[in-house]
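Structure first, then comments.
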Amino acid sequence: MKVSLMQCVLISLVLAFVGFFFTHQFPLDAYTPAVVAGSLLISGIVTPWIASLMSNGNTATSSTDIEIELDDNVSTLYVGNLPYKANEDAVKAYFENHIRVQSVRLMKDKKTGKRKGYGFIEVVDGDIDAIIGQFNDSVFQDRTLKVRPAKDKIPG
């Protein structure tokens with residue numbers, strides 16, 4: 001679910017004003033820092049919840065939207081044999097024609113900064129086997145993609 005950054009900011013400002021108003025109307029002296037800290041904590045918890053209720057299923061997206069993951073089923077796929085010139089936006093646009101993509105991470109060489117030709121995409125609410133069947137061996141920018149389930153990263 002996408003929630004506008006502006007909605008979060010407005011709700012936070014309203015909650016901050018209410019907290020400010022009550023601390024000045026009913027001074028608690030020694031307890032004021034605790035009241036302010038509590039207000040900030042509550043606004044941090046309540047703001048995203050209220051904003052998600054306000055969005056009411058609005059699917060409009062922009063660069064100022066915040067993704068709040070509720071009960072979305074997110075799976076990570078490995079995508080290999082990517083063109084070295086392809087960027088994250090191009091890869092996301094290619095996959096989003098058919099599935100909902102949450103994020104794209106393309107791997108780069110640490111020393112040179114050049115792309116390595118593979119990456120990972122996080123897809124939301126989809127049959128992974130069907131997605132792999134659809135995109136594995138598909139052609140993207142003159143390269144035949146290899147799409148597989150991503151392996152869990154081994155700590156170490």
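The values are calculated or read from the model by the stated rules, or taken from the named source; none is laboratory data. No experiment lies behind these values; they were computed from the predicted model shown. So basically every Cβ, Gly included, is an ideal-geometry build from the backbone, and we count neighbours across all protein chains shown.
General observations
- Summed over segment 72-87, the residues that are exposed (fewer than 15 other Cβ atoms within 10 Å of the Cβ) and farther than 20 Å from Asp127 by Cβ give a count of 4.
- Lone unmet requirement of (1) more than 17 Å from the chain's Cα centre (by Cα); (2) more than 18 Å from Arg143 (Cβ to Cβ); (3) surrounded by 13 or more Cβ atoms within 10 Å (Cβ to Cβ) for Lys111: (3)
- Here segment 131-156 is the region considered, the condition is being among the aliphatic types (A, V, I, L, M) and farther than 15 Å from Val101 by Cβ, and the residue that is surrounded by the most Cβ atoms within 10 Å (Cβ to Cβ) is Val139.
- Odd one out for Gly113, checked against (1) at pLDDT 65 or above; (2) at negative phi: (2)
- Residues satisfying the stated conditions in segment 106-150, i.e. among the hydroxyl-bearing types (Ser, Thr, Tyr) and not in a loop (DSSP other than H, G, I, E, B): Tyr118, Thr144
- Check on Leu82, out of contact with any Asp or Glu (no Cβ under 9 Å at 6 or more places or on another chain), assigned to a loop (DSSP other than H, G, I, E, B) and modelled with pLDDT of 95 or more: yes
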